[in-house]
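Colleague: Supplied in structure tokens, the structure appears directly below.
The values are calculated or read from the model by the stated rules, or taken from the named source; none is laboratory data. Predicted model only: the values in this text are computed from it and were never measured. Glycine also receives a Cβ, built like all others from the backbone with ideal geometry; neighbour counts cover every protein chain displayed.
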Amino acid sequence: MNDLDLFSDSDPHGDRGYARGPDPRRGRRAGRQRQRRRRRSGSAAFLFAMAFLVAVVGTGGVLGVAWVDQRLHPPDYEGQGSGAVTVQIKDGDSGSTIAATLLSHEVVKSTRAFVSVYGKNPKAAGIQPGFYQMRKRMSSSSAMALLLDPKARAGNQIIIPEGLRAVQVAQQLSKKTGIPVREFQRVITRPTGLGLPPYAKGKIEGYLWPGQYNLNPNASAREILKSMVDRFNQFAQQSDLAGRAQRAKLQPGTVITMASLIQAESGRPDDMPKISRVIYNRLRHKPVPMFLKFDSTTLYGLNKYGIVASNEDIKSKNRYNTYNYGGLPPGAISNPGEKAIDAVIEPEEGDWLFFVATDPKNRITEYAADEQEFNRLRQKLNQYLAQNGGN
């Protein structure tokens, strides 16, 4: 038996079965079946693709229409709203900024709706900074009308003039807000958490920035005083107070102390650089420095007010008595403004050693370079006081 004989029993047809090959009719039938399956699969894929395309286009169309509708008709509340909420509009706020503020307080439903109303109202630019008593869930047009209504503004606008002492600031703030003076005084005594600069050395005097304020009707005494210190810090940063003081070979705290003296002693802004020069000339006098002998500092230390310190006043031992202590007082005696601070940095040239407010009513101050001229000016002031009263 050879190797070929091993396969003889496995194929009953022998060599003839292999010689015939596949049936051609069976192949044609299989081909037609494969074509029908491909056509059915292609049709199903086409139908699925069309269904998906319709779904996508349909959804996109709905979203597109919704997007256009939102652009043309942004979400907005209806009516006058209800409840109460205090909203602050700051100086320089744009329409979009105001809209964002109103949205954050739930006054309006969308910024776009309010901006649309804002842009169509020619009076919109007339909205004043301040605190407004608004309502929640107002229509944008109602919110705009309220912002343009002066009655909606909280009546807590106040102007704090330059040169007031901290206790005087407290009195004015109390009168405006109804908060008891003692609450302001408590903060003045312990001014923690107000953000005072390090060179203030924990004292608030000198760092309550004068100017116009729109007081939050819901704020506490501490929050109000902190807003004034914040304004000082803002000025100090913007004006580079520390850098200017360094170039003048002064500490920032020294600048504020000197500025407070200048503010308290000057009658007019034009006097400030001259009074600044008097301070420098007295403190740098040769062969020995001169005492300042300022009535304003002496009276401050005694918690008194007036133009001239009495003989009894100048004998006092308080550290602010510049008749008895050389150099500057230990801190500011008032809250100075920008011009007084500038005068410290840029004093006017001159050899004056004295100045006298010879006509306080008309804010006239005169200057002298020697003691003889000073005595003449002092006599002039005494005559004024004799005729007009006061000290």
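Colleague: If you check Ser139, Ser96, which single one turns out to be farther than 23 Å from Pro217 by Cβ, touching a Phe, Trp or Tyr at 6+ places or on another chain (Cβ under 7 Å) and not acidic (Asp, Glu)?
Modeller: Values: Ser96 fails: touching a Phe, Trp or Tyr at 6+ places or on another chain (Cβ under 7 Å).
The match here is Ser139.
Colleague: What number goes with the only condition from (1) of a type in the set (A, V, I, L, M, F, W, C); (2) outside any strand (DSSP E or B); (3) in contact (Cβ under 8 Å) with a residue 40 or more places away in the chain that Ala242 does not pass?
Modeller: (3)
Colleague: Of the residues that sit in the range 167-191 and are at pLDDT 95 or above and in a loop (DSSP other than H, G, I, E, B), which one is surrounded by the most Cβ atoms within 10 Å (Cβ to Cβ)?
Modeller: Pro191
Colleague: A further question follows. Report, by residue number, each residue of the range 125-140 that is of a type outside the set (Val, Ile, Thr) and surrounded by 16 or more Cβ atoms within 10 Å (Cβ to Cβ).
Modeller: The initial filter retains those residues of the range 125-140 that are of a type outside the set (Val, Ile, Thr), namely 125-126, 128-140.
Across the range 125-140, the qualifying residues are Gly130, Phe131, Tyr132, Met134, Arg135, Arg137, Met138, Ser139, Ser140.
Colleague: So, one more: Determine whether Arg182 is more than 24 Å from Ser266 (Cα to Cα), among the basic types (Lys, Arg) and touching a residue at least 12 places away in the same chain (Cβ under 8 Å). First the steps, then the outcome.
Modeller: Working: more than 24 Å from Ser266 (Cα to Cα): yes; among the basic types (Lys, Arg): yes; touching a residue at least 12 places away in the same chain (Cβ under 8 Å): no.
No, not satisfied.
Colleague: For residues that are assigned to a helix (DSSP H, G or I) and within 24 Å of the chain's Cα centre (by Cα), scanning just the range 147-160, find the one that is modelled with the highest pLDDT.
Modeller: Initial filter on the range 147-160 (assigned to a helix (DSSP H, G or I)): 147, 150-152.
Subsequent filtering for residues that are within 24 Å of the chain's Cα centre (by Cα) retains 147, 150, 152.
On the way: Leu147: 95, Pro150: 86, Ala152: 86.
Out of the qualifying residues, it is Leu147.
Colleague: While we're here: If Val255 passes every condition in (1) more than 28 Å from Arg135 (Cα to Cα); (2) part of a helix (DSSP H, G or I); (3) more than 17 Å from the chain's Cα centre (by Cα); (4) not assigned by TED's automatic domain parsing to the domain that holds Lys304 but one, which one does it miss?
Modeller: Result: Val255 passes all but (4).
Colleague: Looking for something free of Cβ contacts under 8 Å to residues at least 40 places away in the same chain and touching a Lys or Arg at 6+ places or on another chain (Cβ under 9 Å) - is there at least one such residue anywhere in the range 125-135? Before you say what the answer is, go through the steps one by one.
Modeller: Residues of the range 125-135 that are free of Cβ contacts under 8 Å to residues at least 40 places away in the same chain, as a first pass: 125-128.
After this cut, where a residue has to be touching a Lys or Arg at 6+ places or on another chain (Cβ under 9 Å) as well, the list is 128.
Yes: one or more hits.
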